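The values are calculated or read from the model by the stated rules, or taken from the named source; none is laboratory data. Just so you know, these numbers come straight off a predicted model, no measurement behind them. As a convention, Cβ positions derive from the backbone with ideal geometry for all residues, glycine included, and neighbour counts pool all protein chains shown.
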Amino acid sequence: MLDILPWQGAALLLRPDFVLLLLLYWAVHQPLRIGMGAAWGLGLVMDVADGALLGQYALAYTITIFLALTLHRRIQAFSLWPQSLHIFSLLLVAQILVLLVRLISGAAFIGWGYFLASVTGALIWPPLSLLVQLALKHKSLPDITYTTPRGGDK
């Protein structure tokens, strides 16, 4: 929902790709639950929602998630702030791919400020990770006490 809000001006340049950030979270922390098919599908949804050339986000998301799945063990080995450097590079790859598709289709380069979204995405990564981990905690599960059988009961 945050990606399709009517952002304007500087906020539009600073707005990270929230869909890609969540895809990256799942690709890094639960690589068996998210894959390139989901990235492709959500990329097509973002293409339609953004009114972009059909397939540009799908291509960028798929390649970025492939890289994240390849590097997920390395990224997990770091704490949150060093992880954000890896996330920055992955977000930058996605932005470069989208930009290349736009340039090939005849759009003009809008300036170097276009890449600021990768910086804000990397800065948002640690609080986003903590927020998702907090939401996933199962506090409603009852405590189970295990007892050992007595006597001959098995």
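Some notes on this structure:
- Residue pairs meeting the criteria (Cβ under 8 Å; at least 6 apart or on separate chains; first more than 11 Å from Ser84 (Cβ to Cβ), in segment 114-133; second polar (S, T, N, Q)): Tyr114/Gln95; Phe115/Gln95; Ala117/Gln95
- The condition (being within 16 Å of the chain's Cα centre (by Cα), farther than 19 Å from Arg15 by Cα and of a type in the set (Gly, Ala, Ser)) is satisfied by just one residue among Gly43, Gly37: Gly37.
Each row is one residue, and each column tells you yes or no for (1) modelled with pLDDT of 90 or more; (2) among the acidic types (Asp, Glu).
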residue: Trp40; (1), (2): yes, no
residue: His86; (1), (2): yes, no
residue: Ala107; (1), (2): no, no
residue: Gly111; (1), (2): no, no
residue: Tyr114; (1), (2): no, no
residue: Pro127; (1), (2): yes, no
residue: His138; (1), (2): no, no
residue: Asp143; (1), (2): no, yes
residue: Thr148; (1), (2): no, no
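- Residue match in segment 39-56 (condition: crowded, with 16+ Cβ neighbours inside 10 Å and within 16 Å of Pro126 (Cβ to Cβ)): no
- Taking segment 72-82 as the range and being surrounded by fewer than 17 Cβ atoms within 10 Å (Cβ to Cβ) and of a type outside the set (Phe, Trp, Tyr) as the test, the residues that pass are Arg73, Arg74, Gln76, Ala77, Ser79, Leu80, Pro82.
- Verdict on Leu20 being buried (at least 16 other Cβ atoms within 10 Å of the Cβ), closer than 19 Å to Phe115 by Cα and modelled with pLDDT of 95 or more: no
- Of the residues making up segment 74-99, those that are among the charged types (D, E, K, R) and touching a Gly at 6+ places or on another chain (Cβ under 7 Å) number 0.
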